[in-house]
Structure formats: C-alpha cells, structure tokens
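Some notes on the structure that comes next.
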Amino acid sequence: VAYILSGLPESIVAAACARSGQRVLHVDSRNYYGGNWASFSFSGLLSWIKENQQKTDICDECEDWRKLILENEEVISLSKKDKTIQHVEDFCFADQDSAEDVEEAGALPKRPVFGASGAEGAAQDSEKACAPAETALPEAESREPAKAAGTEPAIAVEGKDEEITSENESSHSTAPGESTLELGKTEAVPSEISAQEPKIITYSQIVREGRRFNIDLVSKLLYSRGLLIDLLIKSNVSRYAEFKNATRILAFREGKVEQVPCSRADVFNSRQLTMVEKRMLMKFLTFCLDYEQHPDEYQDYENSTFAQFLRTQKLTSSLQHFILHSIAMVSETDCSTLEGLQATKKFLQCLGRYGNTPFLFPLYGQGEIPQCFCRMCAVFGGIYCLRHSVRCLVVDKESGRCKAIVDHFGQRISANYFIVEDSYLSESIGANVCYRQISRAVLITDQSVLNTDSEQQVSILRVPPVDLGKPAVCVIELCSSTMTCMKDTYLVHLTCPSTKTAREDLEPVVQKLFNLNTGKETENEELEKPRVLWAVYFNMRDSSGIDKNLFDGLPSNVYVCSGPDSALGNDCAVKQAETIFQEMFPAEEFCPPPPNPEDIIYDEDEVAPEESGFDNSPEAKPEPSAEESSSGGSTAVK
C-alpha cells in the first residue's frame, strides 16, 4: 500500500494496514509529518509562513522518468504546488529590541520526531525532556461499569489529584485547574498572581524560547467519548501520547468573558446563576440526556431552529446563551432542534470521563496524533520517507487500475492500493470539486482571557457572530503546561468557516478579546485585556465531505483523503480512515489492539519468510522495534 502525504486520515489507515500485515510505504514531499495537521516550534512556524508567502512553481527539470511508462500505460500527473494555504499574514506586537541576532536555545525540550527509516527512531519517542508526570485515569464509575485491570488501556491524562503516583502522593497534590509542570513537580500558584501586572515578554525572548512552542496548524480538541479517543484506546496507540483535560468552558456575553457551569457540581457551586436558574438548567440538561424517550417535548419544533426551541423551554436569556454557544456549540440560525439536542447530549455524555469538561488536549500539540499512528505503522514494518515527492500515478489502460507511482528521483514504485490527499490531485481531474475554506489565527498573549487563581488553564470559548452573516468563532486558549508555549505566555487558536480572508473574519473577535496596541498610550479598558505579542492569520482549505467520484478518471484502487475540517472534534477523519480501510480489506479488523506479551507464542522451528518485517499475508507480523519490545509490543502472533 502506498500513501502520499502523512495527514491524520492517511496515518490512521497506514497504521491499520501495517497492523493487519500489509506492506506500507508512506511518502511525503514535506520535511515534517502531519501535512496540515502538523505542529511547529516558533522558528519552524516562521519558516512555514515564509514558504507559504513566497510560493513558487516547482520546475520539472528531468524528463527521463517518462521512459518508465509503457505503451499500454498512461499517467495522472500530481500537483507540484500546495494550494491549501492562502492569505498568510503575520504581525509582531511585542518589543523587538535586538531580536535579529537571537537564535533558538538548543537545549530546550523539543517534540520528538522519528526519522524516515521507519521503526528505527520510534524507540526515542518516550525520551521527552522535561516531560510532565502522567497519570492513568480510570473511566468514571457513573458512566460505565468497572472493568477488570488490563482489559482496556487508560488514556494518560495530566493534572488529576486523585490519581497522583504513589511516589508523590504524600507530598504533592494537584488542584483542579492546576497542572504538573516540568520534571513532574507541582507548583502552587498564589491567589495574588492574577492581580499582578503580567510579565513583559519581548520578541527576542519568544525567539530564544522558540522550542518551547508547539503551534498547531489546525486547532481541535478530543471529545472524551469521541471516535478518536475510542480508537486510541482500542489500538493502544494512546501509549504514545499524553493528554491534559480542558479545565473550563467559557462564554462571551455582553462584552465580558465568563465561565460556564457544565457538570452538576459546577451548576450548584456557580455564583452566576440564581437558585431558580440552577433548577431550570438541571431540568433541561436532564431532559437532553434522554430526549429520545420524550418525543412529545420536541416534536412540534422539529422544523424550528434549536434557538427557537430553547425560547419555549422557560429558560432565561443567559441560560439560552450558555446552552446554545457553550454546551451545544451550534449555530443560532442554521441548527435544527434535533441537531441541537444531539449536540447537547454528546457534550453531556462526555462529561466526567476524564474531568469536569468533555474535552482532552494532547500534550505537545494536535500534531502529535498523526505521529502516534505513524509510530504504530513504523513499529509494524511501515517505511516512511519525508522530502520525497511523487510525480505521477501510473495507470494501466486496459484494467483502469493504478499500477505504480513515479517519484522525483525517477524511480517507479509498484503497489496494489494508493491513498492520496486531495491537495495532490491536480485541477484537471478535480474540476468538479468545490472546496470550502477555514479561517485560522494563532496568537501568543501575555495573560489569559479570564484570570483566576490558577494560571494553568485550558479553555474553550465560542464567540457568537459579530455581525449578521458572520460565523461564530471557536477560541481555544492553551497554557504552558500543555507544552505548547513558553512560561508566562498563552497560545490562543481562533477558528471559523471562512467568509473572507482569515484576518477579515477573525480580527474583529481578536479586538474584542485582546489588546492589539503596541504603544504605551492605551485606554484603561484595553489595559485590562490580554496583550497580543505575536499573531498569524491564514486560510486553510476545508476538503471534508469530498467524494472520490468527483475526480474524473480516478482508478478504483486510488483512495482520496481530505484535509482538516472546521469542526471541533476529529470524527470526520476517523470515519474517513475506517471507510477507506474497510473498502480495501473488508475481512480485516480496523486497528485491532496488539496482544499482550504473555499471549505471544514463539515457534522456534518456524522460519520467518522475511526478515524485513513485510509480508502481504495477514498472519505474518513484523519484528518490533527496541522500544516496542520493552513496552509490551508483539510479533509473530498466532
């Protein structure tokens, strides 16, 4: 199986194929994993910005590869220019004194990336410098029955006081909202810190501490009961990553940011709501959990919007705002009543599994997730080649099937199946495809949008549309304990479906929440807001929902994956990956868990048909890497 580009759907399918015993070659023209799902250090992001601002056509200097094409074959040329990123604009608002001669510090921790040699570098993925302490959380007893130890691997989630390791149990505790920082030590944050002035951060400090940043191109969270979490647990890929619980849900109402009570405890401890509002909210949320059992409550409003339905439920305007924008997180004008009830139920079902909110965030950024599946593929024999572009697909004229690819070295590589991201398919065969766009902004700020006693907060905020016809904006704010930004700063991601350029879509929201003034003469109202130190805006192609049939003349054994979508979760990518895998191998299980070491049976008399770890038969399994052997990997399973 040949894969072109290493985005999340491609990486999941590659891991599933390698796990089922297929031979996998995964090539990517970029020099990093993940495609538009990747994460960058600060200097890496600056290079990415420069590359996308100065796009040039790649000249095809050598035509010798055409000699590899036979008379009964034809080629489908692949695009040489990435057109998925547009309108990239970056701005620096921090003091830029002597920033030109500053370089990134080399000794700071860096997100590990294994090399193109496959499993060879996967053994280093656990050696993360200054990694935070991890705790294995069981599932909430109120949601699922207790399971026998070892039957399901837990997600490693940071910052839960009831699950602190025994070594630190007597001397350390982690309060909700606080996190385990570097070297596994907890730091108590004094309550006075929110009243202090934020520390002045210069641009030279950001550059110097650039490797502390892991900046995602696409901003997403993982629903604790979503398809991706289920897949990570089922396949045991979760052992390659660590997660932090999103600590709070915020709302923007009447020009102010406030915290939204979500769980039962939050509701009854809230000082924002009156006792009557608390009862109203709990009654409505209880109804949403099993709304299918009470169709008479909503049948008359099935053709109405969810916002109109909420107005009939004896809810105050503040409760309607919280439910619509912070719990269901749906559009006020386009979402039907049933869609709103489904979204609310999904939110409530995810509460309590790993914390007080439904969401998890992977430490070191969203770009870790594609790499986790790449590691699994490499452990089971997959081969990875970065900086390796593909010129064309070679198609047999008689059968209409794709037989091979030709790379930029002029090598012809044969395979039975080919998985390609849609950005590689040229406009000549994709003339019928209509793409949407996503508006993205990434900010580095000096304080949180809502200061509390704890600095270490992971927050999600949905800002209602600023004007009619504008979309709502999803804001995710990350603290330094997520290992995505340096100390005393926050990393803020803004995302919405595009109507214009990213800056035109998102700057009005940025101005409402943050201080963009670089000078000292600012109004008192602006001084109260977090100050933006650096910002970048860009538009990204949203190709979710594309159909393979929209591409003219595409062979039946070539499958098309899409890039990131504008949704908060990752369900679209997981569904797409499973669909493609089942079409290729309907008799195989999708991403089965690797067996426990004690279940492995070694037959000394059996001679493996190959030593390289590749075989097309599903029974043969590749030799594990050194890391996999030490952490419970498997091989030669019978």
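The values are calculated or read from the model by the stated rules, or taken from the named source; none is laboratory data. Owing to the predicted nature of the structure, the values given are computational and were not obtained by experimental measurement. So basically every Cβ, Gly included, is an ideal-geometry build from the backbone, and we count neighbours across all protein chains shown. For the accessible areas, the whole protein counts, side chains as well, though only heavy atoms, and no ligand, DNA or RNA atoms are used. Shrake-Rupley method; radii C 1.70, N 1.55, O 1.52, S 1.80 Å.
Of the accessible area of region 342-447, computed with a 1.4 Å probe over protein heavy atoms only, carbon and sulfur atoms account for 46 percent. Here's how it looks for residue 248: its modeled amide H is under 5 Å from those of 458, 460, which are all 5 or more places away or on a different chain. The residues of region 224-327 expose, per residue, 47 Å² of accessible area to a 1.4 Å probe. The accessible area of residue 397, taken with all protein chains in place and a 1.4 Å probe, comes to roughly 110 Å². Under 5 Å between amide hydrogens, built in the peptide plane, is the criterion, and for residue 473 it picks out 463 among residues at least 5 positions away or on other chains. Were the residues from residue 317 through residue 46 laid out at 0.36 nm apart, the gain over their Cα-Cα distance would be 93.2 nm. At a probe radius of 1.4 angstrom, the accessible area of region 343-455 per residue rounds to 31 square angstrom.
Given the pairs 244/487; 199/529; 220/244; 314/512; 278/345, which are separated by over 20 angstrom at their Cα positions? From the list (244/487; 199/529; 220/244; 314/512; 278/345), the Cα-Cα distance tops 20 Å for 314/512.
Peptide packing for 473-486, 450-463 was compared via the average number of neighbouring C-beta atoms within 10 Å per residue; ordered from the highest value, the list is 473-486, 450-463. Among 296-306, 577-587, sorting by the average number of other beta carbon atoms lying within 10 angstrom of each residue, highest first, gives 577-587, 296-306. Its Cα centre serving as origin, region 243-306 has a Cβ charge dipole (Lys and Arg +1, Asp and Glu -1) of approximately 660 debye. For residue 561, the amide hydrogen comes within under 5 Å of the amide hydrogens of 420, 421, 422, counting only partners 5 or more places away or on other chains and with H modelled in the peptide plane.
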